[in-house]
Amino acid sequence: MYRSINTMTWAEVAKLDPDSVFYVLPVGSLEQHGRALPLGTDDLILSTSLEEMSRHVELKNNFLQLPNLHYGNSFEHLDFSGTITLGCACIAGFVEEILASMRKHGFHRLVVVNSHGGNAPIFQAYAQEWEQKFGVRVYNINYFGSDFFVEAQSLLQTPVNHDIHGGEIEASYLAYALPGVFHAEEATPENDVFVSLKDYYYGWLSRDLSPDNGLIGMASRATPEKGRLLYEYVWKKLASYFTEFDQAR
Ligand SMILES: [Zn+2]
């Protein structure tokens, strides 16, 4: 079963067998996404995809979704208005407080679902330390900064490793899922920015790569139809991960 912990009483949580429980922590961001997409793009994609998945997936264990962390590690976008960033130490500390609290009640598995590439290295770096220190197994799904979208390549014109920020994937997804927040008139070829990131330089800032609009990708290629296919892809991909976790011992 997959449900929101927000809607449960403490007594309902207390009677669950801890060995049947996975906590789920969605982590997004509040950061510029070019001129066509809103600051909450990662957060909106995260919430809609998890909600859609929860309507379909069948799980024998108890997956309890915690409230989202709506902010992320977004220093690369901090030159653009509205962006709020948390430092790596803050995010790690936040998760550690959750781990300590859940461990107090005997819960020992956490799934982090992260929709912002800039957060991914934090969870990858800490997972082993957290397991040792807290006795909590941390599973981590990263939409970006991983191969999550590799199998969606046939749906896209842009190579997935070049669809870095606010491009074809995110713009299409929101054009379909939440059309009211997508500014199609700003998703023009003139605003597209195609960049090859060098793997020897992780310090890139969007002000250097895309000073005029912040986009790093090809949002002009976005269509609601692609978005519909990506929407299906994302929730089904999530469901496949959760089904796998459901069978883990
Ligand atoms: Zn994003």
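Laboratory data are not the source of any read-out in this text; all were calculated from the coordinates shown. On a predicted model such as this, the values are computed, not experimentally measured, just so you know. Please note: Cβ atoms are built from the backbone with ideal geometry, for glycine as well, and neighbour counts cover all protein chains shown.
Using 0.36 nm per residue and subtracting the Cα-Cα separation, the extra length available between ARG228 and PHE75 on full extension is 52.0 nm. The modelled label-to-label distance for the pair GLU244/ASP147, using points 7 Å beyond Cα in the direction of Cβ, is 1.0 nm.
Shape class of segment 41-93 from the Cα gyration tensor (axes a ≥ b ≥ c, square roots of the eigenvalues): oblate, since a/c reaches 1.5 or more and a/b does not exceed b/c. Note on TRP10 and ARG207: the extension gain reaches 66.3 nm, defined as 0.36 nm multiplied by sequence separation minus the Cα-Cα distance.
Once both labels are positioned 7 Å from their Cα atoms along Cα-to-Cβ, the gap between ARG103 and HIS56 label points is 3.6 nm. Counting only lysines at least 8 places from LYS104 when in the same chain, those with an alpha carbon closer than 24 Å to its own are LYS15, LYS60, LYS133. Against the chain, whose longest principal axis is taken from its Cα atoms, helix 224-247 shows a tilt of about 20°. Taking a sphere under 12 Å around the Cβ of GLN157 and counting the other residues whose Cβ falls inside, with K and R at +1 and D and E at -1, yields a net charge of -1.
What does the C-alpha gyration tensor say about the overall shape of segment 83-198? Classify as rounded when a/c is under 1.5, otherwise prolate if a/b is larger than b/c, or oblate. The shape class here is prolate.
Checking every one of the GluC sites (Glu not before Pro) in segment 1-109 against DSSP loop status and a limit of 10 other Cβ atoms within 10 Å picks out GLU58. Name the shape class, rounded, prolate or oblate, that the alpha-carbon gyration tensor gives for segment 160-249, where a ≥ b ≥ c are the square roots of its eigenvalues, rounded holds for a/c under 1.5, and otherwise prolate holds if a/b is larger than b/c and oblate otherwise. Note, shape of segment 160-249 comes out oblate. Qualifying trypsin sites (Lys or Arg not before Pro) in segment 175-232, where qualification requires a DSSP coil assignment and no more than 15 other C-beta atoms within 10 Å, comprise LYS198. Distance distribution P(r), the chain, all Cα-Cα pairs, bin width 10 angstrom from 0: 7, 31, 35, 20, 7, 0 percent. The angle between the Cα long axis of helix 88-104 and the main principal axis of the chain comes to about 20°, on a 0 to 90 degree scale.
Semi-axes of the equivalent ellipsoid of segment 35-145 are 25, 19, 11 Å, computed as sqrt(5λ) over the eigenvalues of the C-alpha gyration tensor in descending order. In loop segments of segment 15-99 as defined by DSSP, the trypsin sites (Lys or Arg not before Pro) with at most 12 further C-beta atoms inside 10 Å of their C-beta are LYS15, LYS60. The residues SER47, SER115, when put in order of fewest to most other Cβ atoms within 10 Å, stand as SER47, SER115.
3J(HN,Hα) along segment 6-17, derived from phi through the Karplus expression 6.51 cos²θ - 1.76 cosθ + 1.60 where θ = phi - 60°, amounts to 4, 9, 9, 8, 5, 5, 5, 5, 4, 8, 6, 5 Hz, with x in place of Gly and Pro. Setting aside same-chain residues fewer than 8 positions from LYS237, which aspartates and glutamates have a Cα under 12 Å from its Cα? Answer for LYS237, where 12 Å is the Cα cut-off: GLU52, ASP147, GLU151, listed by chain and number.
Modelled spin-label separation between SER20 and PHE194, with each label point placed 7 Å from Cα along the Cα-to-Cβ direction: 5.3 nm. Along the charge dipole of the chain, pointing to its positive end and built from +1/-1 on Cβ of Lys, Arg, Asp and Glu, which listed residue (GLY217, ASN6, LEU197) has its Cα farthest out? Value computed over the given set: ASN6.
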